[in-house]
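> If you scroll down you'll find the structure; I have some questions about it.
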Amino acid sequence: MSSGRREVVTRILAQGVHVDGERIDAAGSPFNSLLDRLSQAKVRPGGLVVLSGLSGRNLVVATMAVWQLDAVPMPVPDPEPSLDGPSARFISGACRITASLSVIPAAPGRQAEALNTTAVLHLSSGSTDRPKVARRGVASVLYDTEGYRAGLGLVPGDRVAVPVPLVHSFGWGVAISALISGCDIDVTPFVRASTLARKTDSGVVSVLALTPPLARLLVGTRRQGASTPRAAMAGAGQVPDELNEAFQKRFGLPLLRGYGSTETGGTFFGDRGMGRPVPGVDVVKPPPGERGELVLRLAAPVEGYLGDNQGPKREWRTGDIVRHDTDGSVHFQERVRGPLRLNGKFIRPDITEKALRSVPGVTDVFLLILPRNGSPEIEDFYAVVEGNAAEQDLLVAMAGCPAGTPVPRVVVCRELPRTTVGKRDRGALIETVRRASRHA
């Protein structure tokens, strides 16, 4: 049975779409040379090829070459984050395409389970734990395409700007969905807001896929032409009303909202909150008018993570607490945080977070449990607090918690460090805590 990977790349190439103004398989493109070098490296159907440190057009072209050989790409940043257990063993020694487009063959004798229906492997954000390796099936990618096509109204001939990092599932999903839909894409990484604004104002691009921080940079640019984009969305983060209003004033249209996860792809689009479910996605919980963890039922099975051995599933617990309005729109509230274990005992992070968030001036909270420097057998509890609250006020709030609630060491910062797609950067948060501890 075909995996469907070759069929997807054949469909894309047949439409003659352009990436940064050039066909994927144009003369002189690295597409054909990558095919030759991957074949020489004995890449087989279902095999893994790690795309290490690639960005923009090179990442797209490498993905197409890997699919052409019926193998599975895995985009990762450089340096690669550390992984544990089966995922680390699976990826170790795999074939790699480097940032310079060199091909490093798989280690001799390496045995790996074939990924029969998987289209791509993506690292989760790691915002609440170490990154995991999520499997996205071919069917899921195709449903993702239908979601973006409906949400953005994509039609062949559209020119879609995707200036966000393609190594993350959000940027990758929009770019691939646009190509499958017959659209040209501009995946030039975001460097200057004025450059992207000029492309938009002059009509070089007609659809924008942004994160809220990028949208905020764009609204501060001067108009450089009379054209207006046909559609613009902001994903991987919440859009405040004032940002939406500023964007509409600058570009002549409101920002569409988008929501999804590494494991599922895009699942919501709309003009309020996170939007409404795209075709093929149903909200199982919470029911309209209530608040609770968002549970989805998807037309394409969720393949989960490498090494979890749970098999594909149709229902997916997102780990996000949302408000589900009676009109069908959904609004993000907070992440689910289960019990944390501190020095062998489970604690309830929700009590600590609620107390700290009640203090005026607090805009966000992130809890960490880390081994103590010099005594790793002992764990310390930290709370990184965003805002301008006084540390004494935070400690007073903690004093009102039930008896036995552990009091964290509080680190206050103006803004929590976030990744390029707007999620809280756990690695940078750990460094923030370590730095504060060294100067305490």
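Values quoted throughout were computed directly from the atomic coordinates according to the rules given, and no laboratory measurement underlies them. Computed from a predicted model, the values in this text were never measured in an experiment.
> Pairs of Cα atoms under 8 Å, at least six residues apart: use those to get the relative contact order of the chain, whole percent.
Answer for the chain is 11 percent.
> Further question on the same structure: Is any helix in the chain, taking whole DSSP H runs, at least 30 angstrom long along its axis by alpha carbon and on average at least 1.0 on the Kyte-Doolittle scale, and which ones?
none
> Here is a further query. Among bridges DSSP assigns within the stretch 340-438, what percent are antiparallel (round to 5)?
On the way: 14 of 19 bridges.
The antiparallel fraction comes to roughly 75 percent.
> Per q in 0.10 Å⁻¹, report the Debye log10 I(q)/I(0) for the stretch 340-438, using one uniform scatterer on each alpha carbon and no solvent.
Computed log10 I(q)/I(0) values: -0.26.
> Which lysines, if any, have their Cα less than 25 Å from the Cα of LYS249, not counting same-chain residues under 8 positions apart?
Once the sequence-local lysines are set aside, what remains near LYS249 is LYS199.
> Sticking with this structure for a sec: Show which aspartates and glutamates lie in cross-link reach of LYS354 when reach means a straight Cα distance below 19 angstrom and same-chain residues fewer than eight apart are skipped.
GLU293, ASP320, GLU334, ASP364, GLU386, GLU391, ASP393, GLU415
> Decide, for the stretch 1-61, between rounded, prolate and oblate: order the square roots of the alpha carbon gyration tensor eigenvalues as a ≥ b ≥ c, take rounded if a/c falls under 1.5, and otherwise choose prolate if a/b is larger than b/c, else oblate.
In terms of gyration-tensor shape, oblate.
> Give me the percent of Cα-Cα pairs in the stretch 138-238 that sit more than 20 Å apart, rounded to a whole number.
32 percent
> Collect residues whose amide H, placed 1.01 Å from N in the peptide plane, falls under 5 Å from the amide H of ASP186; neighbours closer than 5 in sequence don't count.
Those lying under 5 Å, H to H, from ASP186 are ASP20, VAL160, ALA161, VAL162.
> Amide H neighbours of VAL411 under 5 Å, at least 5 residues apart or on other chains, H built in the peptide plane: list them.
Amide H neighbours of VAL411: ALA383, VAL384, VAL385.
> Further question: Please state the shape class of the stretch 27-66: rounded when a/c is under 1.5, otherwise prolate if a/b exceeds b/c and oblate if not, all from the C-alpha gyration tensor. Intermediate results must be reported in sequence, preceding the final value.
Numbers: a/c = 2.23, a/b = 1.24, b/c = 1.80.
Oblate, since a/c reaches 1.5 and b/c is not below a/b.
> Right, next: Let me see the P(r) profile for the stretch 271-416: every Cα-Cα distance counted, bins of 10 Å, each bin given as a percent of all pairs.
10, 29, 29, 24, 8, 0
> Would you mind calculating the relative contact order of the stretch 340-438 from Cα pairs under 8 angstrom and at least 6 residues apart, reporting the percent as a whole number?
On the way: 146 pairs, mean separation 24.2, N = 99.
Relative contact order comes out at 24 percent.
> Amide H to amide H under 5 Å from GLY203: which residues, 5+ apart in sequence or cross-chain, H placed 1.01 Å off N in plane?
Excluding prolines and chain starts, which carry no amide H, the hits are SER227.
> Looking only at Cα atoms, what is the convex hull volume of the stretch 1-102 per residue, in Å³? Don't jump to the answer; show the numbers that get you there.
Numbers: hull volume 10.2 nm³, N = 102.
Cα-based convex hull of the stretch 1-102, divided per residue, equals 100 Å³.
> Straight distance only, please: which lysines reach the Cα of LYS132 with their own Cα at less than 21 Å, same-chain residues fewer than 8 apart left out?
The reachable lysines, counting only those whose Cα sits under 21 Å from LYS132, are LYS313, LYS423.
> Output the Kirkwood hydrodynamic radius of the stretch 232-320, Cα pairs only, in Å rounded to one decimal.
14.4 Å
> Evaluate the stretch 1-335: find the radius of gyration of its Cα atoms, find its Kirkwood radius, and give the ratio Rg to Rh.
Result: Rg/Rh = 0.96.
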